[in-house]
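Structure, as structure tokens:
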Amino acid sequence: MASHAEPSWLAIVNPAAGRGRAARAVPALEAAARDAGLRVEVQRTERRGHATALARKAVAAGHRHFIAVGGDGTVNEVANGLLGNAAVPTSELTLGALPIGTGNDWARTHAMPHDAREVARLLASGRTVMHDAGIVTCRAGSETIRRYFVNMAGAGIDAHILARLGEGKGGAWSYLVALLGGLRSFRAPTLDVAGPDFRFRGPTLVIFAGPGRYCGGGLEIAPDAAVDDGRLRVTLVKQMSFWCVLGNLPRLFNGTVPQSPHVVCARLAAIDVTSDIPVGVEVDGEVIGGAPVRFEILPRAIRVVTAR
């Protein structure tokens with residue numbers, strides 16, 4: 001754990017996040033930063049993917065410390081700009097967040113406060129940790145998609161649910177309602193999953209992989225996740241009946257998902273997943289393509305602000 005203060009930050013704000021709350025939070029963040037002795041410059045996104053471009057351009061211009069103001073999608077876009085930059089080693093960059101989204105799963109892993117004053121004090125404290133990043137490579141039509149992520153990615157019914165929810169995904173309860181509804185229209189694929197000393201083949205509801213602990217607005221998929229151990233937490237849920245899924249829902253809130261007999265867990269540096277039928281792939285809550293897909297880890301790739 002490092003502890004060093006840095007007075008200059010670039011806040012990349014998604015004005016639409018949190019149904020407009022992110023835009024309204026900017027004056028409070030600026031005032032809190034001044035009170036904490038920090039300099040904060042603000043840039044606002046205008047479209048999907050814009051935060052990635054803003055972050056990459058800012059690194060080239062000399063910025064090294066960033067605050068993502070928004071939800072998991074905003075954090076993901078900023079992280080992609082930083083991790084995909086060609087100007088400096090990513091270990092020289094720091095990422096923090098003012099979580100104002102519907103899910104905030106990455107911020108939840110780091111116990112990030114939601115109050116601008118508390119976030120500013122945390123930034124000023126210099127409390128950071130080196131953080132693994134994931135890389136997902138999949139197909140979108142004839143195109144190969146490669147995307148970084150810092151929380152969680154998956155293939156299966158999660159992508160099916162997110163496609164149903166669309167924009168403004170909501171929190172855990174919206175996700176669960178969509179899950180139960182989606183079970184009736186989702187055909188479980190037979191996945192073939194291969195990694196170092198790991199192999200699984202069978203009908204599968206979903207496979208998750210990443211350094212993060214939560215998805216879906218607070219559902220605890222990987223309770224033992226560590227963001228700096230150089231391993232993906234892989235959580236595979238076998239095909240289950242509707243009633244079996246219903247009976248296992250409490251596990252999503254009490255940290256016992258790995259104890260389910262329907263779940264296979266592993267810690268791996270990389271996995272490759274193929275499917276017998278088309279199946280969607282999502283990254284930090286955004287559907288980006290479909291299988292075949294490869295998930296891999298980039299150890300200790302970026303420094304992040306943490307309250308843990």
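The values are calculated or read from the model by the stated rules, or taken from the named source; none is laboratory data. On a predicted model such as this, the values are computed, not experimentally measured, just so you know. No Cβ is skipped: glycine too gets one built from the backbone with ideal geometry, and neighbour counts run over all protein chains shown. Side chains included, ligands, DNA and RNA excluded: accessible areas come from the protein's heavy atoms. Shrake-Rupley method; radii C 1.70, N 1.55, O 1.52, S 1.80 Å.
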> The list [x] 21.9; [y] 19.4; [z] 20.5 gives values of Kirkwood radius over Cα pairs in Å, and only one came from this structure; which label was calculated from it?
Replying inline: [y]
> With all protein chains present, how much of the accessible area of the chain (probe radius 1.4 Å) comes from carbon and sulfur, to the nearest whole percent?
Replying inline: 50
> Counting each DSSP H run of 4 or more residues in the chain as -39500 (n - 2.57), what helix-only mean residue ellipticity at 222 nm follows after dividing by all residues, to the nearest 500 deg cm²/dmol?
Replying inline: -7500 deg cm²/dmol
> Measuring with a 1.4 Å probe in the full set of protein chains, what accessible area per residue, in whole Å², belongs to the stretch 93-161?
Replying inline: 30
> Taking the chain as a Gaussian network, where each spring joins two C-alpha atoms under 10 Å apart, which residue of 280, 101, 20 fluctuates the most?
Replying inline: 20
> Regarding the stretch 87-184, what is the average projected area of its C-alpha convex hull, in nm²?
Replying inline: 8.8
> When the chain is fully extended, how far beyond the present Cα-Cα distance does residue 34 get from residue 254, taking 0.36 nm per residue of separation?
Replying inline: 75.2 nm
> Considering only protein heavy atoms, what per residue accessible area in square angstrom results for the stretch 190-273 with a 1.4 angstrom probe?
Replying inline: 41
> So if we plug the beta-carbon distance of residue 262 and residue 24 into 1/(1 + (r/R0)^6) with R0 = 45 Å, what FRET efficiency do we get, rounded to 0.05?
Replying inline: 0.55
> Label residue 308 and residue 184 with points 7 Å out from Cα along Cα→Cβ: what is the distance between them in nm?
Replying inline: 3.8
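Stokes-Einstein D for the stretch 121-168 at 20 °C, 1.002 mPa s, Kirkwood Rh over Cα pairs, in µm²/s?
Diffusion coefficient, whole number: 154 µm²/s.
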> PRE reach from residue 140 (point 7 Å along Cα→Cβ): which of the stretch 286-307 fall under 20 Å by backbone N?
Replying inline: 286-296
> What shape does the stretch 191-235 have by the C-alpha gyration tensor, where a ≥ b ≥ c are the square roots of the eigenvalues, rounded means a/c under 1.5, and otherwise prolate means a/b greater than b/c and oblate the rest?
Replying inline: oblate
>> Under the 0.36 nm per residue contour assumption, what length would be gained going from the current alpha-carbon distance of residue 199 and residue 246 to full extension?
In response: 14.2 nm
> Roughly speaking, what is the centre-to-centre gap between the stretch 31-89 and the stretch 162-228 when only Cα atoms are used, to the nearest Å?
Replying inline: 28
> So between residue 42 and residue 57, what do we pick up on full extension, going 0.36 nm a residue minus the alpha carbon distance?
Replying inline: 4.0 nm
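Given R₀ = 51 Å, what would the calculated FRET efficiency be for residue 129 paired with residue 276, taking r from the Cβ atoms and rounding to 0.05?
0.80
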> So what are the ³J(HN,Hα) numbers for the stretch 251-268, from phi and the Karplus equation (6.51, -1.76, 1.60; θ = phi - 60°), rounded to whole Hz, Gly and Pro as x?
Replying inline: 4, 5, 10, 10, x, 10, 3, x, 7, 5, x, 8, 10, 10, 10, 7, 10, 9
